[in-house]
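*Asks:* Attaching a single structure in structure tokens format; questions to follow.
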Amino acid sequence: MSAKTIRHLIIGLLMFSGVFHLAVALLGSAPGLGLPLAAFGGLYTIISFYVRRDINDGSKTHSRNAIIAAIIACGAGLTLGSIHYFGNGGPIALPIMFLIDLVVIGAGVMWIMKMRAKT
């Protein structure tokens, strides 16, 4: 898989996850989690646009920083969501969100390794 394909996968997953977070928050299927879900939904959507901003996969200032931001945001979402989910339970949507976060983190690490190998 090329670095460009991986970046597009990250963009798509972040956008889907952002909309999914917002939908779960707005539908009220997670009592007490509305605000955190909406915040992470907005964050993931913004980061997806940040990752998309650079169409030249070699930019050290845009793509790399955006991919790192995506990894950090997904890591934070995964950590905070897991703590809440395993402590208090929650809707079935949360494990799906966790899976998306794991895929984004893995794809981000793979993108960074591919870009490092190019130089």
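Just so it is clear, none of the values below were taken in a lab; they were calculated from the coordinates. Everything numeric here is computed off the predicted structure, so don't read it as measured data. In this analysis, Cβ positions are derived from the backbone assuming ideal geometry, glycine residues included, and neighbour counts consider all displayed protein chains.
*Asks:* Mind putting a number on the dipole of the chain about its Cα centre? Charges go on the C-beta only, +1 for Lys and Arg and -1 for Asp and Glu, and I need it in Debye to the nearest 20.
*Replies:* 540 debye
*Asks:* Taking neighbour Cβ counts within 10 Å as the exposure measure, how do PHE86, PHE40 sort from fewest upward?
*Replies:* Result, fewest neighbours first: PHE86, PHE40.
*Asks:* With all pairs of different alpha carbon atoms counted, what Kirkwood hydrodynamic radius in Å does the chain show?
*Replies:* Mean inverse Cα-Cα distance, inverted, gives 14.4 Å.
*Asks:* Place +1 on the Cβ of every Lys and Arg and -1 on the Cβ of every Asp and Glu in region 3-118, take the dipole about the Cα centre, and give the residue among ALA25, SER63, GLY89 whose Cα lies farthest towards its positive end.
*Replies:* Result: SER63, furthest along the dipole toward the positive end.
*Asks:* Also, quick follow-up: Roughly what angle does helix 63-88 make with the longest principal axis of the chain, taking Cα atoms, 0 to 90 degrees, to the nearest 10?
*Replies:* Orientation of helix 63-88: about 20 degrees from the principal axis.
*Asks:* While we're here: Can you give the angle from 0 to 90° between the axis of helix 93-118 and the longest principal axis of the chain, with both taken from C-alpha atoms, to the nearest 10?
*Replies:* Tilt relative to the chain: about 10 degrees.
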